[in-house]
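Reviewing the structure listed below.
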Amino acid sequence: MYTQAIDLKPGAEPTAATPAPGERERAFEAAIADDRRIEPQDWMPEGYRKTLVRQISQHAHSEVVGMLPEGNWVTRAPSLRRKAILLAKIQDEGGHGLYLYAAAETLGVSREDLVDALHAGKAKYSSIFNYPTLTWADMGAIGWLVDGAAIMNQVPLCRCSYGPYARAMIRICKEESFHQRQGFDIMLALCRGTPAQKAMAQDALDRWWWPVVMMFGPSDSESIHSAQTMRWGIKRLSNDELRQRFIDATVPQAELLGLRIPDPELRWNEARGHHDHGPIDWSEFWRVIEGDGPCNRERLAARVQALENGAWVREAALAHAARHAGTGSREAA
Ligand code: FAQ
């Protein structure tokens, strides 16, 4: 169901003749220049494959680790309706992780190895999920801002040059748009509520704004991968371009809510046709992605524990599958 099926017929070979030296490279470059999709059975440079594995697996880890901050509020959602919506959203994030791990697997890596790299602290996941969720308004802020930033980043990825990633992103973006609306709806309810509820919404915006602005990654001058990934058609817009688009889209939404964005230097620049913003504290960003954010240790420990707790389920599923394949024994089951 989640697979990114490789389109080869059983037994079919990707190519009949051995290509002349340089031919494969030229075919790849021509596909990129013509904006055609690269598929798993196509030849690709090793750097392209590695870059995709890095980005797609980081993205998958982000979706799965991203379930934890919201999971913190499932038992404390203020109504049955809000609880059902939050549960559905968190399940969606788990599904996004699955689509993305499946897309990464088409590049010849195993999901187990990718998860091991996460647990060993060798693979990154989004900085944003290392911040705590202190109040119910944080569920609103995550949906409105974090999912809003994720959509801004992910819509261009629907046109990524690698077919399985692009197709996964199309499904994911449809769901993210519902997530963003549910977050905005929580914020709207709080902002139309009592002064204490509105203050709670403002406090959440105050705490989440800068970490969300950082989510888009280092500024273009510091981004080590952007130039190459944009040349390969993996990323279509740079980190700063996406950050600017997000800020421009979010300012009027905050105005509608009657909330103040915590950036005294934020103002519309008529000449640029964009909002100017204040300086970003990049030292905080690097500290968080290097493992020293408010919740990094807690998040990784929760993922490791979940893997350990689920061991018996995986063993039982494997034994069941083996028995049905006629290779298992009753003892194994
Ligand atoms: N956090 O050279 P660049 C979501 C790293 S999904 C941590 O600019 P690149 C859904 C970067 O990996 C959110 N690390 O890198 C949801 C690199 O380190 P490396 C995730 C970061 O790849 C919502 C180094 O810094 N979305 O939210 C971050 O060209 C609610 C240098 O950076 C994606 O992953 C960061 N924020 O651009 C779930 C989208 N930024 O690998 C639950 C796909 C940068 O050399 C609840 N990914 N780094 O060790 C991308 O678009 C890109 O990978 C960027 C980074 C834009 C994240």
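Since every read-out is calculated from the coordinates, none of them should be taken as a lab result. Everything numeric in this text was worked out from a predicted model, so none of it was measured. Don't worry about glycine lacking a Cβ; one is built from the backbone with ideal geometry, like all the others, and counts go over all protein chains shown.
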**OP:** With a/c under 1.5 counting as rounded, go ahead and sort the chain into rounded, prolate or oblate using the C-alpha gyration tensor (a ≥ b ≥ c being the square roots of the eigenvalues; past the cut-off, prolate if a/b is larger than b/c, else oblate).
**Re:** oblate
**OP:** Specify the angular offset, from 0 to 90 degrees and rounded to the nearest 10, of the alpha carbon long axis of helix 296-309 from the longest principal axis of the alpha carbons in the chain.
**Re:** 50 degrees
Original post:
Which chymotrypsin sites (Phe, Trp or Tyr not before Pro) from the stretch 43-126 combine a DSSP loop assignment with at most 16 other Cβ atoms within 10 Å?
Top reply: W43
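Using the beta-carbon distance between R49 and R171 and R0 = 30 Å, what value does 1/(1 + (r/R0)^6) give for FRET efficiency, to the nearest 0.05? Present the calculation step by step, with values, prior to reporting the outcome.
Details: r = 23 Å, r/R0 = 0.75.
The pair R49/R171 has a calculated efficiency of 0.85.
So for the stretch 33-133, averaging the separation of alpha carbon pairs under 8 Å that are six or more residues apart and normalising by length, what relative contact order in percent results? Could you put the intermediate results ahead of the total?
Numbers: 78 pairs, mean separation 40.6, N = 101.
Contact order relative to length: 40 percent.
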Subject >> Residue-by-residue Karplus 3J(HN,Hα) for the stretch 312-325, coefficients 6.51, -1.76, 1.60, Hz, glycine and proline x >> reply: 5, 5, 5, 4, 5, 5, 5, 5, 4, 5, 5, 5, 6, 7
Original post:
Over the chain, what relative contact order in percent results from Cα pairs under 8 Å that are six or more residues apart?
Top reply: 17 percent
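Let me have the 222 nm mean residue ellipticity of the chain computed from DSSP H runs of 4+ only, each contributing -39500 (n - 2.57), with the sum over all residues rounded to the nearest 500.
Numbers: 14 runs with 194 residues, N = 333.
So the helix-based figure for the chain works out to -18500 deg cm²/dmol.
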**OP:** Take a quick pass over the chain and tell me how many lysine pairs come in under 20 angstrom between Cα atoms, counting only ones 8 or more apart or on separate chains.
**Re:** 6
Original post:
For R314 and R231, what is the calculated FRET efficiency with R₀ set at 56 Å and r taken between the beta-carbons, to the nearest 0.05?
Top reply: 0.90
Subject >> From phi via Karplus (6.51, -1.76, 1.60), per-residue ³J(HN,Hα) for the stretch 222-239 in Hz, x at Gly/Pro >> reply: 9, 6, 6, 9, 3, 4, 5, 5, 6, 4, 7, x, 7, 8, 9, 10, 7, 4
Subject >> Net length gained if the chain between W268 and A120 were fully extended (0.36 nm per residue, minus Cα distance) >> reply: 48.9 nm
Subject >> the stretch 240-296: GluC sites (Glu not before Pro) in DSSP coil with no more than 12 other Cβ atoms inside 10 Å >> reply: E265, E270
Subject >> Where trypsin sites (Lys or Arg not before Pro) in DSSP loops with at most 10 other Cβ within 10 Å are excluded, longest remaining stretch of the chain >> reply: 123-271
Original post:
Between rounded, prolate and oblate, where does the stretch 120-163 land on the alpha carbon gyration tensor, with a ≥ b ≥ c its root eigenvalues, rounded for a/c under 1.5, else prolate if a/b exceeds b/c?
Top reply: oblate
Original post:
What's the center-to-center distance, using Cα atoms, between the stretch 251-316 and the stretch 88-118 in Å?
Top reply: 21 Å
Subject >> Hz values of 3J(HN,Hα) by residue in the stretch 163-170 - Karplus curve (6.51, -1.76, 1.60), Gly and Pro given as x >> reply: x, x, 5, 4, 5, 4, 5, 5
**OP:** Could you pull out every residue, at least 5 positions away or on a different chain, whose amide H is within less than 5 Å of the one on H274? Hs are placed 1.01 Å off N in the peptide plane, and Pro or chain starts have none.
**Re:** N269
**OP:** Decide, for the stretch 243-333, between rounded, prolate and oblate: order the square roots of the alpha carbon gyration tensor eigenvalues as a ≥ b ≥ c, take rounded if a/c falls under 1.5, and otherwise choose prolate if a/b is larger than b/c, else oblate.
**Re:** prolate
Subject >> Virtual spin-label span in nm between V304 and L256, 7 Å along Cα→Cβ >> reply: 4.4 nm
**OP:** At 7 Å along the Cα-to-beta-carbon direction for both A33 and W286, put a label point, then send me their distance in nm to one decimal.
**Re:** 3.9 nm
